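Q: Right, I'll just put the structure down here and ask away after.
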Amino acid sequence: MFAADDLGGHGDTNDPAALSGYARAFAAVAASPDQTLYVAERGSEVVGTFQTMITTSLTARGSSSMIIEAVQTRGDMRGQGIGARMMEFAIAEAKGRGMRMVQLTSNAKRKDAHRFYERLGFKPSHLGFKMALK
């Protein structure tokens, strides 16, 4: 799914030479108590995925927040409510764990995604900055 995402610009690929990098990342996520990778299935097919990370900050009285990252619904399955169910699940997980908030970033080019997140109750409250290091 990530390799099929031309807009994301992450350079994801199905090239077997890249497998070791994905395997290292998967192992790091699996080993972390503060990260979880979720996979949405329909029947026996993967139709979506997202990752969550818990971060605790000295601001807001030392509260914890959930960051939702790498949200992806398979291209041919979009518009069927899969993304909404994934986000509803993530929000319920955050509430169940006593998080102060859930937050995510979305590529500035993804206008449809922005409308989707706003329909779910997310507010565009901050301006994000990134610096590529490679």
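Q: Between G43, G81, G62, where does the largest GNM mean-square fluctuation fall for the chain, given springs only between Cα atoms within less than 10 Å?
A: Of G43, G81, G62, the most mobile in the Gaussian network model is G43.
Q: Among I91, V29, M101, which residue has its Cα positioned farthest towards the positive end of the charge dipole of the chain, with +1 placed on the Cβ of Lys and Arg, -1 on the Cβ of Asp and Glu, and the dipole taken about the Cα centre?
A: Of the listed residues, the answer is M101.
Q: Check cross-link reach from K134 to the lysines: straight Cα distance under 28 Å, and skip same-chain residues fewer than eight apart.
A: Answer for K134, where 28 Å is the Cα cut-off: K109, K111, listed by chain and number.
Q: In addition: Can you give the charge dipole size of the chain about its Cα centre, rounded to the nearest 20 debye, using +1 on the beta carbon of Lys and Arg and -1 on the beta carbon of Asp and Glu?
A: Dipole size: approximately 560 debye.
Q: Rounded to a whole number, what % of the accessible area of the chain do carbon and sulfur atoms account for, probe 1.4 Å?
A: 56
Q: Could you state the accessible area per residue of the chain in Å², with a 1.4 Å probe and every protein chain left in place?
A: Spelled out: the 1.4 Å probe surface of the chain, per residue, equals 72 Å².
The values are calculated or read from the model by the stated rules, or taken from the named source; none is laboratory data. All values reported here derive from a predicted model rather than from experimental measurement. So basically every Cβ, Gly included, is an ideal-geometry build from the backbone, and we count neighbours across all protein chains shown. Heads up: the accessible areas ignore ligands, DNA and RNA and are worked out on the full protein's heavy atoms, side chains in. Shrake-Rupley method; radii C 1.70, N 1.55, O 1.52, S 1.80 Å.
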